[in-house]
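Accompanying notes for the structure given below.
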Amino acid sequence: MNAASHVEKVIIIGSGPAGWTAAIYAARANLSPVVFAGRPKQVPSTLLPGGQLMLTTEVENYPGFPHGVDGPKLMWAFEAQALRFGTRVVTDKGVVTPDASQQFNGREAAYQDCVKVDLSARPFRVFGEDGKALLAHTVIISTGATANWLGLPNEQRLARSGGGVSACAVCDGALPVFRNKEVAVVGGGDSAIEEATYLTKFASKVYIVHRRDQLRASKIMQQRALTNPKIEMKWNKTVEDVLGESMITGLRLRDTVSGQVSDLPVGGLFCAIGHTPATQFLAGQLELDAKGYIKLRDPYRSTTSVDGVFAAGDCVDSVYRQAITAAGMGCKAAIDAERWLGEHGVH
């Protein structure tokens with residue numbers, strides 16, 4: 001079989017906790033997985049190498065790290081473990097096995113995005129940025145979901161630097177930087193109310209900034225927020241700017257009715273305006289839900305609407321969105337792929 005017709009046993013698209021965990025399990029099963037790890041073009045990126053933890057400076061809730069761990073360091077460890085067992089990565093120089101002992105900084109610049117797939121026939125075809133297609137018996141999609149941000153330059157700068165801007169209260173709300181401070185949550189749906197309520201355990205006060213004069217959240221969630229003495233509503237307000245140099249010091253708000261501008265001093269900002277699953281490249285070839293998340297054929301497994309294609313992590317999960325749940329799903333996807341290959345006589 002020549003190189004052009006070589007069919008990989010499994011190709012993994014995405015390199016967050018789900019993708020690298022799938023790679024670890026697949027590599028240890030001698031499946032010689034190939035990973036499309038992605039290339040960062042912007043923040044947020046459509047396929048960020050290492051996933052959303054690359055934007056998290058301190059992770060305190062991942063088991064095994066009693067004193068916490070830097071998000072990028074945790075993902076570099078995931079990657080090194082996958083590479084140790086022979087995982088290959090699609091780079092600008094082709095499919096290679098990077099040296100797991102080397103420093104990781106800058107390595108992702110050589111990694112490639114997956115830009116499209118063809119799941120209509122077997123073997124599946126997976127295309128990189130260079131236009132070349134790799135063939136695969138099975139595909140694991142673990143491309144994650146990106147938080148929807150306000151799109152303000154200072155917001156992005158402080159989010160990247162750990163300056164008190166986050167898109168996940170459950171992930172970051174308990175960190176010392178937010179404890180006993182006044183913080184703000186932007187949004188008006190159930191997620192925003194859940195995040196604000198969670199933050200009241202740690203913050204001295206929580207402002208909910210919403211552009212309308214009523215919430216979109218369910219009635220029971222609204223009641224929970226409106227009766228909480230530590231939550232204050234900022235109705236008819238949009239965020240014009242995020243203030244602060246190394247750390248956030250406040251928000252510049254504009255009243256959507258009067259147009260008046262005011263500053264709100266806060267020590268933290270949490271964006272709760274939804275997530276966008278990175279599934280656009282699938283171009284309708286897998287069954288998705290109304291929000292673009294991949295539908296699983298069996299909720300207890302990783303099987304999708306196409307036999308031999310599996311999915312894991314935040315591109316599937318719109319509820320938990322945690323590193324540990326994504327890693328567990330990556331494990332399931334690799335085991336499902338291994339069993340599929342065995343059932344179809346691929347060794």
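Observations on the model:
- A cut-off of 5 Å between modelled amide H atoms, ignoring neighbours fewer than 5 places along the same chain, links residue 274 with 148.
- Protection-proxy order for peptides 258-264, 25-31, each taking the mean of Cβ atoms within 10 Å per residue, highest first: 25-31, 258-264
- Which of 83, 286 has the fewest Cβ neighbours within 10 Å, and the rest in rising order: 286, 83
- Couplings 3J(HN,Hα) of the range 63-74, computed from phi: x, x, 10, x, 10, x, 8, 5, x, x, 5, 5 Hz, in residue order, whole Hz [Karplus 6.51 cos²θ - 1.76 cosθ + 1.60, θ = phi - 60°; x for Gly and Pro].
- Multiplying the residue separation of residue 180 and residue 149 by 0.36 nm and removing their Cα-Cα distance gives an extension gain of 8.7 nm.
- Neighbour-count order for 253, 55, fewest beta carbons within 10 angstrom listed first: 253, 55
- What you get for the chain, charging only the Cβ of Lys and Arg (+1) and of Asp and Glu (-1), is a dipole of about 260 debye around the Cα centre.
- Residue-span extension gain [residue 291 to residue 170] - 0.36 nm each, minus C-alpha spacing: 41.4 nm
- Taking other C-beta atoms within 10 angstrom as a stand-in for reagent exposure, 35, 257, 242 fall in the order 257, 242, 35, fewest first.
- Unmatched cysteines, the chain - criterion: no other Cβ of a Cys under 4.7 angstrom: 114, 271, 315, 331
- Between residue 219 and residue 246, the FRET efficiency estimated from the beta carbon spacing at R0 = 51 angstrom works out to 0.80.
- Approximate spin-label separation residue 77-residue 157, in nm, with each point projected 7 Å along Cα-to-Cβ: 3.2 nm
- Around the amide H of residue 140, modelled in the peptide plane, lie the amide H atoms of 11, 12, 13, 310, all under 5 Å away and 5 or more residues distant in sequence or on another chain.
- Scaling the Cα radius of gyration of the chain by the globular reference 2.2 N^0.38 Å produces a ratio of 1.05.
Every read-out reported here was derived from the displayed coordinates using simple, explicitly stated rules and does not represent laboratory data. No experiment lies behind these values; they were computed from the predicted model shown. Using ideal geometry, Cβ is built from the backbone for each residue, glycine included, and neighbour counts are taken over all protein chains shown.
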